[in-house]
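Please read the structure below before turning to the comments.
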Amino acid sequence: MGASGFVGSHVTRKLVERGDDVRVYLRRTSLTTAIDDLDVDRHYGDLGDVDALRSAMEGARVVFYCVVDTRFNLRDPAPLFATNVESLRRVLDVAVTAGLEKFVFCSTIGTIAIAPDGESATEDMPFNWPDKGGAYIESRRRAEDLVLGYARDRGLPAVAMCVSNPYGPLDFQPHQGLMVKMAALGRVPAYLIGVSTEVVGIEDVAEAFLLADERGRIGERYIISESFMSMRDMLATAASAVGARPPRVGVPLGVAYAFAAVLEGACRLLRRDPPINVTGIRLLHIMSPADHGKATRELGWRPRPTAEAIERAARFHLERERA
């Protein structure tokens, strides 16, 4: 589910490469460019169609759930909770009756705690930044809690994957990858000073999902992130991979916050969703380094350097621009 998205399409591709019989659940309006070359069984419906959901899951061994609304910038957060929580609840109600062996849920690094200075966050640390991540993070926290609650109370064989910012090729609708795309095209003159975040290669994310199916412990969550990288290094890596000019100007974080606040206020008057808001700036830098040791120990997950995935992403975007 969510096979047309960035994570979902790469999970689908890995499953096909492994030789699995793969069924995907799509809306009729989904852009399926990322999976159009794959031999998969397509089922159509939305997350409110219980009969279609039941039909799609019938006879399935495992469900990989990769549906998420990531629009942190919405003035009205209702759609975030409608998709990320309430639609998920309907899926889970069907899933608990489907006889699944595993339900692999795509969660986010945003449900992980912020570690003390000098330490790395783990799955065991209690969440400690409520009211700082806005409606998007709150909706994802509720979603993960819902999935783990179904595992605990209703026997759903669920595993939650706390995925950080993924980068790599075949990103046909870039969200986190948009800055990498723009850097590869030489259109990012500046970077934010002091901004670093957890990153991971998209192929390694997909590999982690398959390992979770095989080895993930029910009711557990796993950090799926490779390293803590600065915005400057990320953009420079993308630009250098294709010979583009890397960003040279560093912008203080305070300037970014001020710009986002002004933009957010103007868009509020215009009754429009801003392209970036104060919460979005905060999410760029608030997270601490994270430890993926649990995924390595229990799943056998060994990610490659994310810089390599960023380089592949840059080449992909440049080739598409030239095509």
Residue hits (the stretch 1-45; in a loop (DSSP other than H, G, I, E, B), surrounded by 14 or more Cβ atoms within 10 Å (Cβ to Cβ) and of a type outside the set (Asp, Glu)) are Met1, Gly2, Ala3, Ser4, Gly5, Val22, Ser30, Thr32, Leu38, Val40, Gly45
- Got at least one residue in the stretch 219-232 being surrounded by fewer than 21 Cβ atoms within 10 Å (Cβ to Cβ), out of contact with any strand residue (DSSP E or B) (no Cβ under 7 Å at 6 or more places or on another chain) and among the acidic types (Asp, Glu)? no
Contact list, first residue from the stretch 54-66 and over 19 Å from Ala212 (Cα atoms), second anywhere and part of a helix (DSSP H, G or I) and not polar (S, T, N, Q), beta-carbon distance below 7 Å, six or more apart or interchain, is Arg54/Val94
Residue hits (the stretch 70-91; in a loop (DSSP other than H, G, I, E, B), within 18 Å of the chain's Cα centre (by Cα) and either crowded, with 18+ Cβ neighbours inside 10 Å or not hydrophobic (A, V, I, L, M, F, W, C) (or both)) are Thr70, Arg71, Phe72, Asn73
Requested in this report: Might you check whether a residue that is under 19 Å from Thr111 (Cβ atoms), touching a Phe, Trp or Tyr at 6+ places or on another chain (Cβ under 7 Å) and modelled with pLDDT of 95 or more occurs anywhere in the stretch 299-314?
Outcome: yes
Of the residues in the stretch 104-121, those that are over 10 Å from the mean Cα position of the chain (by Cα), over 18 Å from Arg282 (Cβ atoms) and of a type outside the set (D, E, K, R) come to Val104, Phe105, Pro116, Gly118, Ser120
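Can you say whether Tyr136 is among the aromatic types (Phe, Trp, Tyr), surrounded by 18 or more Cβ atoms within 10 Å (Cβ to Cβ), touching a residue at least 24 places away in the same chain (Cβ under 8 Å) and under 22 Å from Leu211 (Cα atoms), as far as the supplied structure shows? Give the derivation first.
On the way: among the aromatic types (Phe, Trp, Tyr): yes; surrounded by 18 or more Cβ atoms within 10 Å (Cβ to Cβ): yes; touching a residue at least 24 places away in the same chain (Cβ under 8 Å): yes; under 22 Å from Leu211 (Cα atoms): no.
Against the criterion (among the aromatic types (Phe, Trp, Tyr), surrounded by 18 or more Cβ atoms within 10 Å (Cβ to Cβ), touching a residue at least 24 places away in the same chain (Cβ under 8 Å) and under 22 Å from Leu211 (Cα atoms)), Tyr136 does not qualify.
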Scanning the stretch 48-69 for residues that are in contact with a strand residue (DSSP E or B) (Cβ under 9 Å, 6 or more places away or on another chain) and either within 30 Å of Gly177 (Cα to Cα) or not in a loop (DSSP other than H, G, I, E, B) (or both) gives Ala52, Leu53, Ser55, Ala56, Met57, Val62, Val63, Phe64, Tyr65, Cys66, Val67, Val68
Taking first residues from the stretch 219-239 that are part of a strand (DSSP E or B) and second residues anywhere that are β-branched (Val, Ile, Thr), the pairs with Cβ under 6 Å that are 6 or more apart or on different chains are Ile224/Val163; Ile224/Val205; Ser227/Thr306; Met229/Val199
Taking the stretch 146-194 and the residues there that are touching an Asp or Glu at 6+ places or on another chain (Cβ under 7 Å) and of a type in the set (A, V, I, L, M), the one that is surrounded by the fewest Cβ atoms within 10 Å (Cβ to Cβ) would be Leu185
Of (1) surrounded by 15 or more Cβ atoms within 10 Å (Cβ to Cβ); (2) touching a residue at least 60 places away in the same chain (Cβ under 8 Å), Val94 fails just (2)
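The values are calculated or read from the model by the stated rules, or taken from the named source; none is laboratory data. Please read all numbers here as calculations on a predicted model, not as lab measurements. Every residue, glycine among them, receives a Cβ derived from its backbone with ideal geometry; neighbour counts consider all protein chains shown.
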